[in-house]
Structures are given as structure tokens and as C-alpha cells.
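Student: What follows is a single structure, and I will ask about it in a moment.
Where a number appears in this text, it was derived from the coordinates with a stated rule and is not lab data. Model, not experiment: these values are computed from the prediction. All Cβ positions, even for glycine, are placed from backbone atoms using ideal geometry, and neighbour counts span all protein chains on display.
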Amino acid sequence: MEANSLREQSIYRTLRKKFSANRGCLAGILATLAAETAISLLLPGLTSRIIDGLDRRSMAWLISLVLLFLATVLMGGLFSVLNTLLSEKAGRKACDELRKDIFTRIYRFPMARHKSARTGEFLEKIEGDVNILVGFFSNMLIDITGSSLLVLGILVVFAGKSLALGLVFGLLTLLIFSIFIGTQKKISLLWKSARDAETQAFGEFAQVIRAAVDLVGLGKEGYGAGRFREKFDRFGQKQVRASFLGNIPATIFYSLLNVGEGIALAIGIYLLKRKELTMGDVYLLLSYVGLLNTPFFLLKYQFTQLPVALSAFSRLDAFYAVEGEGE
């Protein structure tokens, strides 16, 4: 089959169709993400205004600003709940449709493919790899997008208060993203290898269970246990290696973030002494530095999980190509 025909059957095109049929939900997710980001940026600004207005504003003005702060917090919680609901709905619906699609395709596989498959291989892909994609679309992709928007917003605020601070955190952010993006392909291959080893291990276990009676009758029960142990040990080694190497970018990321926090604190104190910033502005900068921990922590976690999702995409895409081989 030609390459273009195979691409027509790829998992990426299939998922695009699933999500395109649910544009309203996707628009709602983007809207709630934007609203959450705006509220997260607004709250420290309101507190900064309250601090600067303590000795120059009326009590009525301060109380109204406090009430606005509380209303904004409640609104942020509402948007967060709504975003979670919509993303779970969209992700699970698309992946449930994907399960049906894969299940249908299995029946059209060449007979040789069915005969070569290990016991439980097809089920492991449907419930293993597709479940990984449920997590990817339900929270991982949402967290990465929302966190990136929040980081961008904070960088804009930093640049507005101090060009030096904006440049420092801008460069650190570019460095952090380049490290993660640059290592994803290699780490993804490691996780794909680990997932393949897992499939082989559980396939071997199913084979040993099915042949248990014959093995016991021949006095070879130790042979089956040895085969399974060998496969499982190989899977364990590959998973540990993928996990260890996958966490190295996250370690570098935290080190860079700590350096950035120290630089932000030093710049804030310097500008305060020069009276170029108010106490409210200093609070605002320190709040945003602290606020950066949340999106960067989510990015750190999700980027370490991203190779697992990419390996699931790769495995399922290869699975889709099997039908084309038989045509």
C-alpha cells in the first residue's frame, strides 16, 4: 500500500476526526483555560493594589477591592471545575471512540497477524495504550497548554515591571523548554521499548499459564517460570532506565528555576531601594515568582510523562498500519 494510503489510516488522522466532531467542547476548554490564566494573573495584582492603597485609600475602597478579590477567587474555582469537566468529557469520548475503531480494525487484520499475536496483545493495546491517551487528552495536554499560557503571561508582567527581569526569565524559560523538547524523542523511544517489553512479559505469562498443565506433566514447570522471569526482568530494566533518564531534564529544570528565583529576588530588592518599585510591586514580583512554581511543576511532571504518551501514539500508529499490509 502507498504511503499516502497508510497515512489515511494513521491514529493521528483518526483522532483529529474524533475531536473535530466535538468542536464545541474544545472551544469551551480553550475559553476556560484562558479565563483561568487571566484570573491567576489578576489575583496578585489585586493584592498589590490593596498593599499600595493601605495608607492612601479609603476603607470603602479597600473593602470593595477585597470583595472583588474574593469574587475572583470563586470565579477561578468555577472555571477550574468547568475546565476539568470539559477536558475529561472530550478526552474520554475521543478515546472510547478510538477503542471502538481499533476493535473493529482487529477483525480486518490478516490471518497471519492474528496467528503471530501473543495472547492478550490486542487487549493490552486497547486497554493499555489507549488508557495512556485518555490521561494525555484529559489532563496532560490541558496542563501543558494552561501552564504555558500562565508562564507567558507572567513573563509579560515581568517585562513590564523590569526589562532585565523579563529578559532573565524569558531566557530561562526558553532554555527549560528547549531542554524538555530536545530530549522528548530519545526518552519516548526508551518508553516505547519498555512498553514493548511489558507486552512481551504479559504475553509470555499468558502462554505459560495456558501451557501449565503440559509443563507440569512433563516435569518442566521451572522452564515456564524461568521464561516469564527473564521477560519480566528485561521489562523492569528497560522501565527503570527510561524512568531514570526521563527525570534528568526535570532535575536540570528545577536547578534553573531556583537560579531564576534568586535573580528575581535580587532585582526586586535593588529596584525597591532605588524607589523604582513600590512595596506592592515587590509583592507582585515575588508572588509571580512563587506562582511560576505551579505551572513549571505541572510542566515538569507532564513533560516527564509525555514520552510515555508519545510511545503509545507510536505503538498504536504502527498497529494501524497492519491493516494496510494486508491489502
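Student: Output wanted: per-residue J couplings in Hz (rounded whole) for segment 269-278, from phi through Karplus 6.51 cos²θ - 1.76 cosθ + 1.60, θ = phi - 60°, x for Gly and Pro.
Tutor: Each residue of segment 269-278 in turn: 5, 4, 5, 5, 5, 7, 6, 8, 10, 8 Hz.
Student: Using the Karplus equation 6.51 cos²θ - 1.76 cosθ + 1.60 (θ = phi - 60°), what ³J(HN,Hα) coupling, rounded to whole Hz, does each residue of segment 258-264 give in order, writing x for Gly and Pro?
Tutor: Those phi angles translate into 5, 4, x, 4, x, 5, 4 Hz.
Student: Amide H to amide H under 5 Å from PHE109: which residues, 5+ apart in sequence or cross-chain, H placed 1.01 Å off N in plane?
Tutor: none
Student: At most 15 other Cβ atoms within 10 Å and a DSSP loop assignment: could you name the trypsin sites (Lys or Arg not before Pro) in segment 228-327 that fit?
Tutor: Here the trypsin sites (Lys or Arg not before Pro) that fit, given the DSSP loop and packing criteria, are ARG274, LYS275.
Student: Can I ask one more? Return the sequence-ordered ³J(HN,Hα) values of segment 83-89 in whole Hz as given by the Karplus equation 6.51 cos²θ - 1.76 cosθ + 1.60 applied to θ = phi - 60°, using x for Gly and Pro.
Tutor: Ordered by residue, 3J(HN,Hα) equals 5, 4, 4, 5, 5, 4, 5 Hz.
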